[in-house]
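Please treat every number below as a calculation from the coordinates, not as lab data. The structure presented is a predicted model; accordingly, all values stated were derived computationally and were not measured. For neighbour counting, all protein chains shown are included, and Cβ atoms are generated from backbone atoms with ideal geometry for every residue, glycine included.
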DNA sequence: ACTGTTTATTGACAAAAGTCAAAAAATCAT
DNA sequence: ATGATTTTTTGACTTTTGTCAATAAACAGT
């Protein structure tokens, strides 16, 4: 599973370091439509998606939801711009379906940085991964048509297509829902 | 200057820490059209733009340049995906005009992490800043028309408009150059 | 199972954006 | 300064995408 994150093999934590890490993390079950983070609140935790699907979104001035991200199994939920510098979040993160997470709060994660210096590197690596994803996503907006973006999305996130309503995908891809409905029909 | 990065006031380095930091950084002059980083090479340094303007871009399969970023005075040049994990860069970074940088190589920056733990935090903060910029940029693609994106770009980067050719701005904004030329005429 | 609500599809049309090609303007190198 | 090259503008046209509104389908709660 290439897209799954494995702290041991991907980031080279030793057995002991893993032990310490797991002691800091707690399992957390989320019900569908339950909020992991609400707009205006400070994100006090990081979550790792053991199983499930979550969605990040914000509201425009005229009240429409814009979906910014999907968190699939094996990905890390970090609200940059809220977690690291502890400022109120501009986005909401909500469970699309019942999900199983491992979470750690701000204080405990900070302690991990000190206890396990390798965590500084992991944090940088995670930021790198996110960064590369965002660069890729931007490049898609720069170079691809609506149809091409949708096709790529289907290829990249086949499970998301099945579970998430079309209007969320349409706002994620920056395509009007009527247009996306027609694009989808053509396939 | 809100958009300028100041290691002392923005990131809370002490006087001594600043001294150590500056000893690690070297001044570097760039001529217009000189490459800071070339596609396929590993980025061996971070650059801070004291004065000037640089541009990051990549080539599509059919050979056209897609501009991904402008580095204005006061911003940090880090090629994520090349510097942190030392893999070959997918993008080029070139000076738009003669520019003055402060640079530090990979090894020296690593030493800074050890000598000045605060640099770990700075690195996270810089990643946060970049991250917020990218989220904002993506949101613009999701919600704005070509004209709106161009107007916002003019407001956000008035100096870039003056210095960079229209085709670079057009690829940066994901707008055909002929379309952008017409948009510009209307203002 | 029924009702209200949300979501998706469809049609008719409008607006936005892209394409191709040619001309004009600007820039560069000698 | 001049010719070559690159960049920008413009016109005529096509394609893509959005808008509005109505209908159909799916879903949720009782």
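In what sequence do B:123, B:154 fall when counting other Cβ within 10 Å, fewest first?
Ordered from fewest to most neighbouring Cβ atoms within 10 Å, B:123, B:154 come out as B:154, B:123.
Where the Cα atoms of the protein assembly as shown are projected onto their three principal axes, how long is each span, largest first, in whole Å?
Principal-axis extents of the protein assembly as shown (Cα, largest first): 56, 54, 36 Å.
Output the 0 to 90 degree angle, nearest 10, between the alpha-carbon long axis of helix A:106-115 and the longest principal axis computed from the alpha carbons of chain A.
With rounding to tens, the tilt is 50 degrees.
Suppose only helical runs count, i.e. DSSP H with n ≥ 4. What mean residue ellipticity at 222 nm does that imply for chain A under -39500 (n - 2.57) per run, divided by all residues and rounded to the nearest 500 deg cm²/dmol?
Helix-only estimate at 222 nm: -14000 deg cm²/dmol.
How large is the translational diffusion coefficient of the stretch A:7-129 in µm² per second when you combine the Kirkwood radius over alpha carbon pairs with Stokes-Einstein at 10 °C and 1.306 mPa s?
106 µm²/s
Compute the acute angle (0 to 90°) between the alpha-carbon long axis of helix A:15-24 and the principal axis of greatest extent of the alpha-carbon atoms of chain A; round to the nearest 10°.
70 degrees
Of the residues B:11, B:36, B:48, which exhibits the maximal mean-square fluctuation in a Gaussian network model of chain B defined by a 10 Å Cα contact cut-off?
Among B:11, B:36, B:48, the largest GNM mean-square fluctuation belongs to B:11.
Using a label point 7 Å beyond Cα on the Cα-Cβ vector, give me the inter-copy distances for residue B:154 in nanometres, one decimal, shortest first.
3.9
Assuming a viscosity of 1.567 mPa s and a temperature of 4 °C, what translational diffusion coefficient in µm² per second does Stokes-Einstein assign to the stretch A:144-187, Rh being the Kirkwood radius over Cα pairs?
Approximately 127 µm²/s, per Stokes-Einstein.
How far apart are the residue A:143 label points across copies, placing each 7 Å from Cα toward Cβ, in nm, shortest first?
Between copies, matching label points for residue A:143 lie 2.7 nm apart.
Run the label-point distances for residue B:76 please: 7 Å along Cα to Cβ, every other copy, nanometres, shortest first.
1.6
Express the relative contact order of chain B as a whole percentage, based on alpha carbon pairs under 8 Å and six or more residues apart in sequence.
Working: 266 pairs, mean separation 45.2, N = 187.
The value is 24 percent.
Need the C-alpha centroid separation for the stretch A:5-60 versus the stretch B:18-94, integer Å.
Here the two parts' Cα centres lie 32 Å apart.
Based only on other Cβ atoms within 10 Å, what is the fewest-to-most ordering of A:160, B:49?
Fewest to most other Cβ atoms nearby, the residues stand as A:160, B:49.
Taking only the alpha-carbon positions of the stretch B:107-175 and ignoring solvent, what does the Debye formula give for the base-10 log of I(q)/I(0) at q = 0.14, 0.22, 0.26 Å⁻¹?
With no solvent term, the Cα-only Debye profile gives -0.61, -0.90, -1.12.
Give me the percent relative contact order of the stretch B:1-111, please, defined on Cα pairs under 8 angstrom at least 6 residues apart. Could the numbers behind the result be given before it?
On the way: 224 pairs, mean separation 43.1, N = 111.
Across the stretch B:1-111, relative contact order equals 39 percent.
Calculate the translational D of the stretch B:63-168 in whole µm² s⁻¹ from Stokes-Einstein, where the hydrodynamic radius comes from the Kirkwood formula applied to all Cα pairs, the temperature is 37 °C and the viscosity 0.692 mPa s.
Estimated diffusion coefficient is 202 µm²/s.
Assuming R0 = 56 Å, what is the FRET efficiency of residue A:148 and residue A:111, from their Cβ-Cβ distance, to the nearest 0.05? Mind dumping the intermediate values first?
Numbers: r = 45 Å, r/R0 = 0.81.
Once the sixth-power term is evaluated, E becomes 0.80.
At a 10 Å Cβ-Cβ cut-off, how would you order A:43, A:89, fewest neighbours first?
A:89, A:43
Averaged over its residues, how many other protein chain Cβ atoms are within 10 Å of peptide A:126-133's Cβ atoms?
The per-residue average across the peptide is 5.
Taking the alpha-carbon centroid of each part, what is the distance from the stretch A:135-163 to the stretch B:108-135 in angstrom?
Distance between centres, Cα-based: 30 Å.
What average count of beta carbons from other chains do you get within 10 Å of the Cβ of residues in A:115-124?
3
Calculate how steeply helix B:177-186 sits against the longest principal axis of the alpha-carbon atoms of chain B, using the helix alpha-carbon long axis, and give the answer as 0 to 90 degrees to the nearest 10.
In chain B, helix B:177-186 runs at an angle near 80 degrees to the longest axis.
Mind checking the mean number of beta-carbon atoms from other chains within 10 Å of the Cβ atoms in B:85-97?
1
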